[in-house]
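Report on the following structure.
The values are calculated or read from the model by the stated rules, or taken from the named source; none is laboratory data. A quick note: this is a predicted structure, and the numbers were derived from the prediction, not measured. When we count neighbours, we look across all protein chains shown, and the Cβ atoms used for this are built from the backbone with ideal geometry, even at glycine. For accessibility, only protein heavy atoms count, side chains too; no ligands or nucleic acids. Shrake-Rupley method; radii C 1.70, N 1.55, O 1.52, S 1.80 Å.
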Amino acid sequence: MCIHPLMTTIAPPRQFTYPFCYQPHPLCVLAATEVQREIAGMHISESKMFGVLVVSDTQGRLAFLAAYSGLLEGRNDWSYFVPPVFDAQQPDGHFKITERQISAISQQIRSLQAEDSQLDVLRRQRKRMSEELQLWLFRQYRMENALGETKDLVDIWRDYHSSPRIQQKYPLPPGGSGDCCAPKLLQYAYQHHLQPLCMAEFWWETPRPVVQSSPVGEIRHHLHYYPACQGKCKPILAHMLKGLDVEANPMESAMSGLLETVYEDESLVVVNKPTGMLSIPGKGEQPSVYSILRERYPDAEEPMIVHRLDMATSGLLVVAKTKNAHQNLQRQFYEHTVVKRYVAIVEGVPVNQKGTIVLPMRPDPLNRPYQVVDMEHGKQAITDFEVLSVFDGQSRVVLYPHTGRTHQLRVHCAHPDGLHAPIVGDHLYGTPANRLYLHAEYLEFTHPVNDKRLQFYAEGF
């Protein structure tokens, strides 16, 4: 049975977990500890994301459910864990039968000569069958929510991505959608009349021999908690969480204070952005640097925003008031004549006290905004660093990015071939805290009109 009693006096939370940024509730930590004991006895050979969902039954008794992402050791029938939403692995099921037929066509294609007239016919047939099979598969994933509503993955995806441009480019969800921990756990809870209380996901790292010298792309740490993935799970959970009282996104509610103006003239303004504030507007209506300055300077010319900081990062930003200033400042960023210095507090003590990190990066298309290191396809990313001090097992470092890749400093700090020391409060690549301890403290550039070199400093933490 995959419903496990949870004997404890710990009180449940008032609201359900916001799954894309959270501190694990003590009930989840307790449940995860039980799951980790179970995994340790299974002697699995692969690293995997696992999840726990704490629930109460109709009589108010606490229990927890456990799940793994995708397949575990090639199987999806482990009795300790909840089953898949849809089992596509049955050898005599439609999916596997059609999959074998497609494989047979692929074998025919490989056996034919390039000039054979059958090639195009077989390729078109294979493509048509693959697309039809994928569509059929996603229709079998009928996801429930707390309101008793049911939608399949195709409808969920289309309703969430209402933009015709996105629907045309990505008409179907990514492969593997519906097989992550969170959808599995919630589906089982709804089907068995269990009330979801809180949820968490953690990474289980199985030691394995090093078979390649290039860095591993994903940054995952053994037993650390991680948010649900954005690319696959966000549209699904937007449907499945309906009817639950879910916590507000702590990154949106963590904004501390108003936007501080450090300097301004007729051409530009330099601001000190607080943590939790967007640089540009997002999907919701929360304030952003752009929206605040657009209202503050109604006569400013578009596009204003010259560069950005992550929502969780605080510090200095320069914003243009005129088109000419914007073009000039953007050119300075492109030519790397702008000097940026960040200060961060990281977990642990880096091996080297000073140096340069060179790790190419690219987005993970199935888990945005997550970034991965990719030595073959990533874009160049370079960061200088220096350790300033060490205290209580943490280090204060300064970081000088020479390139401006998304999450560059966060990845370069967390990656084993970087500092191997995640920034404190990094819920994507490290461990959540009350904030991300990364601050853009120094900015230097040339004034776009008078050519004077300007330097600005804003103390962080």
Open item on the list: Heavy atoms only, 1.4 Å probe, whole protein assembly: order 75, 294, 410 by accessible area, highest first.
Closed with: 75, 294, 410
- [ ] Please list, in chain and number order, the residues 5+ apart from residue 264 or on another chain whose amide H is under 5 Å from its amide H, with Hs placed from the backbone.
- [x] 270
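Would you calculate, for the chain, the mean residue ellipticity at 222 nm contributed by helices, counting each DSSP H stretch of 4 or more residues as -39,500 (n - 2.57) and dividing by all residues, to the nearest 500? Could you put the intermediate results ahead of the total?
Details: 11 runs with 125 residues, N = 461.
Here the helix-only value at 222 nm equals -8500 deg cm²/dmol.
Would you mind getting the accessible area per residue of the chain, heavy atoms of the protein chains only, 1.4 Å probe, in Å²?
Values: 22850 Å² over 461 residues.
Per-residue accessible area for the chain comes out at 50 Å².
Checking the a/c ratio against 1.5 first, then a/b against b/c, what shape does the Cα gyration tensor give for the range 233-369? If you can, show how the numbers build up before the last one.
Working: a/c = 1.80, a/b = 1.16, b/c = 1.55.
Oblate.
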Task: Under Karplus coefficients 6.51, -1.76 and 1.60, residue-wise ³J(HN,Hα) of the range 402-414 in Hz, glycine/proline x - done: 8, 10, x, 6, 4, 6, 4, 5, 5, 5, 5, 6, 7
Task: Cα pair distances of the chain binned at 10 Å [whole percent] - done: 4, 17, 25, 25, 17, 10, 3, 0
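Percent of accessible area on the range 88-166 owned by carbon and sulfur, 1.4 Å probe? Before the final figure, lay out the partial values.
Details: 2460 of 5170 Å².
Heavy-atom surface of the range 88-166 belonging to carbon and sulfur, 1.4 Å probe: 48 percent.
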Open item on the list: Using the Karplus curve 6.51 cos²θ - 1.76 cosθ + 1.60 with θ = phi - 60°, what ³J(HN,Hα) values do you get for each residue of the range 391-399, in whole Hz, with x for Gly and Pro?
Closed with: 7, 6, x, 10, 10, 9, 10, 9, 10
- [ ] For residue 236, tell me the accessible area in Å² from a 1.4 Å probe, rounded to the nearest 10.
- [x] 10 Å²
Open item on the list: Residues of the range 159-197 with the amide nitrogen closer than 15 Å to a label point 7 Å from the Cα of residue 139, along Cα-to-Cβ, please.
Closed with: 172-173
Open item on the list: If DNA, RNA and ligands are ignored and the probe is 1.4 Å, what is the ranking of 314, 130 by accessible area, most exposed first?
Closed with: 130, 314
TODO: Calculate the spin-label point distance for residue 400 paired with residue 125, positioning each point 7 Å from the Cα along the beta-carbon direction, and give it in nanometres.
DONE: 6.4 nm
Task: Spatially proximal lysines relative to residue 354 (Cα-Cα < 20 Å; intrachain offsets below 8 disregarded) - done: 340
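Given 0.36 nm per residue, what is the gain on full extension from residue 75 to residue 56 after removing their alpha carbon distance, in nm?
On the way: separation 19, 0.36 × 19 = 6.84 nm, distance 2.81 nm.
Taking residue 75 through residue 56 to full extension adds about 4.0 nm, to one decimal.
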TODO: With a 1.4 Å probe and every protein chain kept in, tell me what percent of the accessible surface of the range 305-455 is carbon plus sulfur.
DONE: 48 percent
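Calculate, for residue 351 and residue 451, the FRET efficiency according to 1/(1 + (r/R0)^6) with r their C-beta to C-beta distance and R0 35 Å; round to the nearest 0.05. Write out the running numbers ahead of the final one.
Numbers: r = 42 Å, r/R0 = 1.21.
After rounding to 0.05, the efficiency reads 0.25.
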- [ ] Please list the non-local residues whose amide H lies under 5 Å from the amide H of residue 394, H modeled 1.01 Å from N, same-chain partners needing a gap of 5 or more.
- [x] 348
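Tell me, in nm to one decimal, what length is gained between residue 292 and residue 386 on full extension, where the rule is 0.36 nm per residue of separation less the Cα-Cα distance? Don't skip to the end; give the middle numbers.
Values: separation 94, 0.36 × 94 = 33.84 nm, distance 3.45 nm.
Stretched out fully, the residue 292 to residue 386 stretch lengthens by 30.4 nm.
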- [ ] Using a Förster distance of 45 angstrom, determine the FRET efficiency expected from the C-beta separation of residue 376 and residue 1, and round it to 0.05.
- [x] 0.50
Open item on the list: Relative contact order for the range 281-354: what percent, with Cα pairs under 8 Å and sequence separation of 6 or more?
Closed with: 21 percent
TODO: Determine the percent antiparallel among the DSSP beta bridges restricted to the chain, to the nearest 5.
DONE: 95 percent
TODO: Just round it to a whole percent: the fraction of Cα-Cα distances in the range 335-440 exceeding 21 Å.
DONE: 29 percent
Task: Computed over the chain: relative contact order in percent, which uses C-alpha pairs under 8 Å that are six or more apart - done: 14 percent
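To the nearest 0.05, what FRET efficiency results for residue 101 and residue 152 with a Förster distance of 30 Å applied to their C-beta separation? Walk me through the numbers before you get to the answer.
On the way: r = 23 Å, r/R0 = 0.78.
Efficiency for this residue pair is about 0.80.
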- [ ] Would you tally the net charge around residue 6, using a Cβ to Cβ cut-off of less than 9 Å, leaving residue 6 out, and scoring K and R as +1, D and E as -1?
- [x] 0
Open item on the list: Output wanted: per-residue J couplings in Hz (rounded whole) for the range 336-342, from phi through Karplus 6.51 cos²θ - 1.76 cosθ + 1.60, θ = phi - 60°, x for Gly and Pro.
Closed with: 6, 9, 7, 9, 10, 10, 10
Task: C-alpha long axis of helix 181-191 to longest principal axis of the chain, angle in ° - done: 50 degrees
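First select every other residue whose beta carbon is under 13 angstrom from the beta carbon of residue 65; then total the charges, Lys and Arg +1, Asp and Glu -1.
Numbers: positive: 184; negative: 34, 38, 57, 201.
Once positives and negatives cancel, what remains is -3.
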